[in-house]
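What follows is a short report on a single structure.
We did not get these values from a lab; they are worked out from the coordinates using the rules stated. All figures in this text were calculated on a predicted structure; none of them were measured in a lab. Please note: Cβ atoms are built from the backbone with ideal geometry, for glycine as well, and neighbour counts cover all protein chains shown.
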């Protein structure tokens, strides 16, 4: 059975600096029309930086959407004209003050396929070189939070890490690099 929906019309109901919201009218496989609400954020990257001793560099920051401070891998939006690899290099240096000399693509995923087109590409950052300091954007408040991989992994299992890109990155690394 063909499950594809055909877009009949759409209208932008909100355009902000970061997000666009559209109302779409589609024809479903059974011929009926339905309304879809689609959010379009910019694509982004996440970086799992791990040093030679096996320490992971996470960041703590307040997330107003869930009203709590979270532990996350460094991440950021892909700027126009920038490749995901360039963004990963830049964001890691800016947020944790370390430049990964080796960046390897791990995976990509869509963070909320039911209503959002947002995609995140995740990289493994290794061979970290210390920079003089973080280089945060205006209005960005981040605390670097290094810990052993085992401690980070335990935080995923205990529910202390709730961010999807961070959970996926830590579980991916554990499964594909440490379980062999």
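So here's what we get for this one:
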| quantity | calculated |
| --- | --- |
| Residue satisfying condition, being touching a helix residue (DSSP H, G or I) at 6+ places or on another chain (Cβ under 7 Å) and either touching a residue at least 60 places away in the same chain (Cβ under 8 Å) or within 16 Å of residue 45 (Cβ to Cβ) (or both), within set 149, 123 | 123 |
| All positions within the stretch 1-11 that are outside any strand (DSSP E or B) and in contact with a strand residue (DSSP E or B) (Cβ under 6 Å, 6 or more places away or on another chain) | 5 |
| Failed item, numbered, when residue 72 is tested on (1) in contact with a helix residue (DSSP H, G or I) (Cβ under 7 Å, 6 or more places away or on another chain); (2) surrounded by 16 or more Cβ atoms within 10 Å (Cβ to Cβ); (3) more than 20 Å from residue 110 (Cα to Cα) | (3) |
| Within the stretch 157-173, considering residues that are assigned to a helix (DSSP H, G or I) and surrounded by fewer than 19 Cβ atoms within 10 Å (Cβ to Cβ), the one nearest to the chain's Cα centre (by Cα) | 164 |
